[in-house]
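Asks: Let me give you the structure first, and then I'll get to my questions.
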Amino acid sequence: MSTFLMLNPLHIIMEIKSTVTVIGGGVSGLFTALDLALRGIDVTLVDRGDIGYGTSGKFHGLLHSGARYAVTDPDSARECIQENKIISKIAPHTVKDTGGVFLGITDDDLQFSETFIKALNKVGIESKVIDVKEVLQKEPFINRDTKMAIWVPDKVVYGYDLLASVAITASLNGAKILTYNEVVEIIRENNNVKGVKVLDKINNNTNVIKSDIIVNTAGPWSFNIIKMAGLEEIPIMPTAGIIVVFDKRVNNMVINRLRPPSDGDIIVPYADSSILGTTATIIEDPDNFTISDEDIAMLVNEGAYLIPKLKNMRVVRSYASVRPLIKSEVSAREASRDFRIIDHEKENGLSGLVSVIGGKFTTGRLAGERVADLVSSKLGIKSASKTATTKLLSPNDINLLNYAEKIRLPKVIVRSILDRKGSLDEERYLSSLYILLSLISRGTM
C-alpha cells in the first residue's frame, strides 16, 4: 500500500507500508524476500544498486560442493553440499555441472589427502580418487607433476542469472523489489524500529517504508545499517577476496589444490574465461579497497602450481569480493564461512531489527530460509519455507514482451534482444535476458 505526502511543491515523499523490509539485494536478501513472499507475507526489498550490486555479484562463480571446507569448517561444508543439490534442482538453467578435482602436487599435498578424504566421508560429500592420466585427458593444461586427483561434485553457478531468477520469482509472488533505493535513515521509536527512509536514485525521490520488521542483509555494509539504527557494532569482519580473470578458458572442471584453504588455489571455468581466486584480507571500508599488481602476481604464481600455463596468459581484469565474515579471534583465512542470524531484540533490546552476517553465495537460500523462519515466528505466522522445492523462473518461463509492456519498457529493446535467438550471437546475448528479468521484477516503482 502506498500513499503520497506533499512536503512542498517540489518534494514528494511516498510512504509505503510493508510488513517486512529486506535491506540488500544479494543472494541472502533475495532468497529472504522470496521465502517470505511464498509464505504470504508482504515484503519489500531495497538495494542501493542493482541486484548483486555488492558481494553476491563479485564471487568466483563456484557452487561449492563443500569439499574445500570439509576439514576446517565441517558445518559449512554440510550446508554447502545440501545447497549445491537444492540450487541444482530449483534453478538448473543457472548451473553447469562441471565437477571439480583436487590436485595433489607436492608431498605435503599427498600427506593432506588422507585427512581430506576422511573429512569428506564424515560430512557426506561424494568423492573418488581418479587416475591422473584420466584427468590429463580432460584437463591437458594441469601441472604434469600432479601425483593424485580427487573428484568432488563442485559446479559452476552463473551468479546474475540465479539472482535475477530469484528476483522475478519473488516479484511474481508478491514481493516488491526496489533496486536503486538506498537506505539513508532507520526510523526508530524508542526501542522499536518502525521503518526505513530510502533515496530513490532513479527518480530522485525520498521514500518512507513503514514496516513491522527490518531484515539487514547488507553484507559487509551491515555496519552502516546498524549505526543508523543507533547500535554500536555488529560482529562482522569485512574480508576482501581478490579474483583474477584470464583472457581464455583453459580448464573444464573446477581445479582445486589438495591442501587446507589458502590463496590462489581455486580455478573456475566460467563461460569463456578461467577465473582464479582468491585471497582473504581484512579491510576497514568495503567501498575503498585497492588491488595491487603484487596481489595479482601472487595469485597468478600460486595458480600456476595448478595450471602452469597461467603465467603466460593475459589477465584481462581483476576484482575483489568483500565478504561479511563472522568476527572471530582467528585469521580471515581460518574464519568460519557459516552464517549467523542476529535478533537485535534479544541481543540489544531493539525490536523490529534482524541481521544476517557471514555465509557464502552457495548457502544464500538456506540463510534466507532461516531468517524467514525467525521473522515468521515473530509475526505469529506458522507457514513453512517452500524455497527448497520452488522452481525458479527463467527467461523461457514468462512472456517477456507482455511483462515489459506492463513496466513501460520499450518493446523495441525487448525485441532486439529476443531476435538474437537463432542467430550467430544467441549465446552472447543470454545475459541480456536476465537483465530483463531484473527490470521486470523491479516493476514501475
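Asks: Only residues that are under 25 Å from the mean Cα position of the chain (by Cα) and under 21 Å from residue 248 (Cβ atoms): list them for region 292-301, please.
Replies: Going through region 292-301, the residues under 25 Å from the mean Cα position of the chain (by Cα) turn out to be 292, 295-296, 299-300.
Correct list: 296, 299, 300.
Asks: Give me the pairs: first residue in region 382-394 and of a type in the set (Val, Ile, Thr), second residue in a loop (DSSP other than H, G, I, E, B) and surrounded by fewer than 19 Cβ atoms within 10 Å (Cβ to Cβ), beta-carbon distance under 7 Å, and six or more apart or on different chains, which are they?
Replies: Listed by first residue and then by second, the contacts come to nothing, as the list is empty.
Asks: OK, next. Any idea which residue in region 105-128 is nearest to residue 145 (Cα to Cα), counting only those that are among the hydrophobic types (A, V, I, L, M, F, W, C) and not in a helix (DSSP H, G or I)?
Replies: Step one: filter region 105-128 for residues among the hydrophobic types (A, V, I, L, M, F, W, C), giving 105, 110, 112, 116-117, 119-120, 123, 125.
Now restrict to residues that are not in a helix (DSSP H, G or I): 105, 125.
Working: 105: 6, 125: 26 Å.
Filtering region 105-128 for residues that are among the hydrophobic types (A, V, I, L, M, F, W, C) and not in a helix (DSSP H, G or I), the one nearest to residue 145 (Cα to Cα) comes out as 105.
Asks: Considering only residues that are within 20 Å of the chain's Cα centre (by Cα) and modelled with pLDDT of 95 or more, which ones fall in region 243-264?
Replies: Once the filter is applied, which keeps residues that are within 20 Å of the chain's Cα centre (by Cα) and modelled with pLDDT of 95 or more, region 243-264 yields 243, 244, 245, 254.
Asks: Given the conditions (1) surrounded by 24 or more Cβ atoms within 10 Å (Cβ to Cβ); (2) not in a strand (DSSP E or B); (3) not polar (S, T, N, Q), report the number of the one that residue 193 does not fulfil.
Replies: (2)
Asks: Those residues that are among the β-branched types (Val, Ile, Thr) and closer than 17 Å to residue 43 by Cα, I need them from region 159-185; list them, please. Walk me through it before giving the result.
Replies: Step one: of region 159-185, the residues among the β-branched types (Val, Ile, Thr) are 166, 168-169, 177, 179, 183-184.
Correct list: 166, 168, 169, 177, 179, 183.
Asks: Those residues that are polar (S, T, N, Q) and closer than 26 Å to residue 323 by Cα, I need them from region 358-384; list them, please. Step through it out loud before you land on a result.
Replies: At the first step, the residues of region 358-384 found to be polar (S, T, N, Q) are 362-363, 376-377, 383.
Passing the criteria: 362, 363.
Asks: Out of (1) surrounded by fewer than 17 Cβ atoms within 10 Å (Cβ to Cβ); (2) touching a residue at least 60 places away in the same chain (Cβ under 8 Å), what's the single condition that is false for residue 292?
Replies: (2)
Asks: Quick one: would you say residue 273 is outside the structural domain of residue 218 (by TED's automatic domain parsing) and within 22 Å of residue 54 (Cβ to Cβ)?
Replies: On the way: outside the structural domain of residue 218 (by TED's automatic domain parsing): yes; within 22 Å of residue 54 (Cβ to Cβ): yes.
Yes; evaluated as a whole, the condition is true for this residue.
Asks: Name every residue in region 98-123 that is within 25 Å of residue 302 (Cα to Cα) and of a type in the set (D, E, K, R), in order of residue number. I'd like the intermediate steps shown before the answer.
Replies: From region 98-123, those within 25 Å of residue 302 (Cα to Cα) are 98-117, 119-120; that's our starting set.
Scanning region 98-123 gives 107, 108, 109, 114.
Asks: If you take the residues in region 284-317 that are among the hydrophobic types (A, V, I, L, M, F, W, C) and not in a helix (DSSP H, G or I), which one is farthest from residue 258 (Cα to Cα)? Step through it out loud before you land on a result.
Replies: Step one: filter region 284-317 for residues among the hydrophobic types (A, V, I, L, M, F, W, C), giving 289, 291, 296-300, 304, 306-307, 310, 313, 315-316.
Still in the running and not in a helix (DSSP H, G or I): 289, 291, 304, 306-307, 313, 315-316.
On the way: 289: 30, 291: 26, 304: 14, 306: 10, 307: 14, 313: 23, 315: 24, 316: 27 Å.
So the residue we want is 289.
Asks: Also: Select from region 35-59 the residues that are part of a loop (DSSP other than H, G, I, E, B), at pLDDT below 95 and not small (Gly, Ala, Ser) and write down the one among them that is surrounded by the most Cβ atoms within 10 Å (Cβ to Cβ).
Replies: Checked region 35-59; the qualifying residue surrounded by the most Cβ atoms within 10 Å (Cβ to Cβ) is 59.
Asks: Just to check your reading of the model, which residue among 16, 86 is β-branched (Val, Ile, Thr) and either assigned to a loop (DSSP other than H, G, I, E, B) or at pLDDT 95 or above (or both)? Reasoning before the result, please.
Replies: Numbers: 16 fails: either assigned to a loop (DSSP other than H, G, I, E, B) or at pLDDT 95 or above (or both).
Only one candidate qualifies: 86.
Asks: Could you tell me whether region 66-74 includes any residue that is in a helix (DSSP H, G or I), of a type in the set (Lys, Arg), buried (at least 21 other Cβ atoms within 10 Å of the Cβ) and out of contact with any His (no Cβ under 6 Å at 6 or more places or on another chain)?
Replies: First pass over region 66-74, keeping only residues in a helix (DSSP H, G or I): 67-69, 74.
From the residues that got through so far, the ones that are of a type in the set (Lys, Arg) too are 68.
Add one more test, that the residue is buried (at least 21 other Cβ atoms within 10 Å of the Cβ), and what stays is 68.
This time we only want the ones that are out of contact with any His (no Cβ under 6 Å at 6 or more places or on another chain), so: 68.
Among the residues of region 66-74, at least one is in a helix (DSSP H, G or I), of a type in the set (Lys, Arg), buried (at least 21 other Cβ atoms within 10 Å of the Cβ) and out of contact with any His (no Cβ under 6 Å at 6 or more places or on another chain), which makes the answer yes.
Asks: Identify all residues within region 203-223 that are within 24 Å of the chain's Cα centre (by Cα) and of a type outside the set (Gly, Ala, Ser); write none if there are none. Break it down stepwise before answering.
Replies: From region 203-223, those within 24 Å of the chain's Cα centre (by Cα) are 213-223; that's our starting set.
Residues satisfying the conditions are 213, 214, 215, 216, 217, 220, 221, 223.
Asks: Something else about it: Would you list the helices (runs of 4 or more DSSP H) that sit entirely within region 341-445 and hold 1 or more residues that are touching a strand residue (DSSP E or B) at 6+ places or on another chain (Cβ under 8 Å) and exposed (fewer than 13 other Cβ atoms within 10 Å of the Cβ)? Walk me through how you get there before you give the answer.
Replies: On the way: elements: 344-348, 364-379, 400-406, 411-418, 430-442.
Passing ranges: none, list empty.
Asks: Shifting gears a bit: Which pairs have Cβ atoms under 7 Å, sit 6 or more apart or on different chains, and link a residue in region 422-445 that is closer than 13 Å to residue 163 by Cα to one that is among the acidic types (Asp, Glu) and surrounded by 15 or more Cβ atoms within 10 Å (Cβ to Cβ)?
Replies: Filtered contacts from region 422-445: 434/161; 438/50.
Asks: Pull up region 76-133, narrow it to residues that are crowded, with 20+ Cβ neighbours inside 10 Å and of a type in the set (Asp, Glu), then point me to the one that is nearest to residue 160 (Cα to Cα).
Replies: Going through the qualifying residues, I end up with 83.
Asks: Still on this model: Mind listing whichever residues of region 396-419 are more than 24 Å from residue 45 (Cα to Cα) and free of Cβ contacts under 8 Å to residues at least 12 places away in the same chain?
Replies: Listed by number, the residues that qualify are 410, 411, 412, 413, 416, 419.
Asks: Determine if region 295-317 includes at least one residue that is under 30 Å from residue 230 (Cβ atoms) and not polar (S, T, N, Q).
Replies: Residues of region 295-317 under 30 Å from residue 230 (Cβ atoms): none.
So far as region 295-317 goes, no, none of its residues is under 30 Å from residue 230 (Cβ atoms) and not polar (S, T, N, Q).
Asks: Also, quick follow-up: Among the residues that make up region 162-182, is at least one of them hydroxyl-bearing (Ser, Thr, Tyr), closer than 12 Å to residue 23 by Cα and either in the same structural domain as residue 15 (by TED's automatic domain parsing) or in contact (Cβ under 8 Å) with a residue 12 or more places away in the chain (or both)? Don't jump to the end; show me each part of the working.
Replies: Residues of region 162-182 hydroxyl-bearing (Ser, Thr, Tyr): 165, 169, 171, 179-180.
Filter once more, so that each one left must be closer than 12 Å to residue 23 by Cα: 179-180.
Checking the rest, the ones that are also either in the same structural domain as residue 15 (by TED's automatic domain parsing) or in contact (Cβ under 8 Å) with a residue 12 or more places away in the chain (or both) come to 179-180.
Within region 162-182, one or more residues are hydroxyl-bearing (Ser, Thr, Tyr), closer than 12 Å to residue 23 by Cα and either in the same structural domain as residue 15 (by TED's automatic domain parsing) or in contact (Cβ under 8 Å) with a residue 12 or more places away in the chain (or both).
The values are calculated or read from the model by the stated rules, or taken from the named source; none is laboratory data. Note that the structure is predicted; figures quoted are calculated from it, not measured. Please note: Cβ atoms are built from the backbone with ideal geometry, for glycine as well, and neighbour counts cover all protein chains shown.
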